[in-house]
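What follows is one structure encoded as structure tokens, with my remarks underneath.
Please treat every number below as a calculation from the coordinates, not as lab data. From a predicted model like this one, the values you see are computed outputs, not experimental measurements. Because the Cβ atoms are built from the backbone with ideal geometry, glycine has one as well, and the counts that use them run over all protein chains shown.
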Amino acid sequence: MRAGLTLAVAAALALALAGCASTPPAPARLGLKLAPAALGEAISVQQHLKVERGARVDELDAALEVDAERLELVGLAFGQRVLSLRYDGKEMTSWRHVMLPAQVRPDDVLEDMQLTLWPAAAIQAALPPGWRVDEQGLRRTLYHGADAMVQIDYSALPRWGGTVVLQNLRYQYRLTIQSAPPN
């Protein structure tokens, strides 16, 4: 039954976004909540996400729309909505499937999305002390002190136009985002 598969996807997302006891000392999360306008563009994209942690691989489809006023994301597992969020730069509203574990927090989903898509300068301006972002060509790296925490590789520009691989070194997961070509 699809409910079991939905639960498996939800569990994988929870693992991908949850920390482990051996992580370096740093804030539990950055707390990024950049305004949609800070993206600098309006986008509407269909994406396929693959979350890998250890030997486990789970997949999810998503529809993302961002303009200067708002960000909207809908996540689907096997055609069933499991997560939606809307953020206007001040307030976020979200809905989660009842089977989605509490560890999958919309704030964390928003943060990974913004680390991946927003301009490095906008991210840097919002980072807490001790954090920095470095961008060299098609690679973006987030550091806490001298330690790399997140590495993001892009296949092309714009950042949402191809394949993006986010390797979270701190929480030990890989998120691969494949955007569908525009119609």
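In region 30-58, how many residues are assigned to a strand (DSSP E or B) and exposed (fewer than 14 other Cβ atoms within 10 Å of the Cβ)? Break it down stepwise before answering.
The initial filter retains those residues of region 30-58 that are assigned to a strand (DSSP E or B), namely 43-53, 56-58.
Checking the rest, the ones that are also exposed (fewer than 14 other Cβ atoms within 10 Å of the Cβ) come to 44, 56-57.
Number of matching residues: 3.
Which one of I177, I123, I152 is farther than 26 Å from R56 by Cα and touching a Leu at 6+ places or on another chain (Cβ under 8 Å)? Steps first, answer last, please.
Values: I177 fails: farther than 26 Å from R56 by Cα; I152 fails: farther than 26 Å from R56 by Cα.
Just a single option satisfies the conditions, and that option is I123.
Scanning region 129-183 for residues that are under 17 Å from H48 (Cβ atoms) and touching a His at 6+ places or on another chain (Cβ under 7 Å) turns up just one, Q178.
Residues of region 117-164 that are closer than 21 Å to A180 by Cα and aromatic (F, W, Y): W118, Y154, W160.
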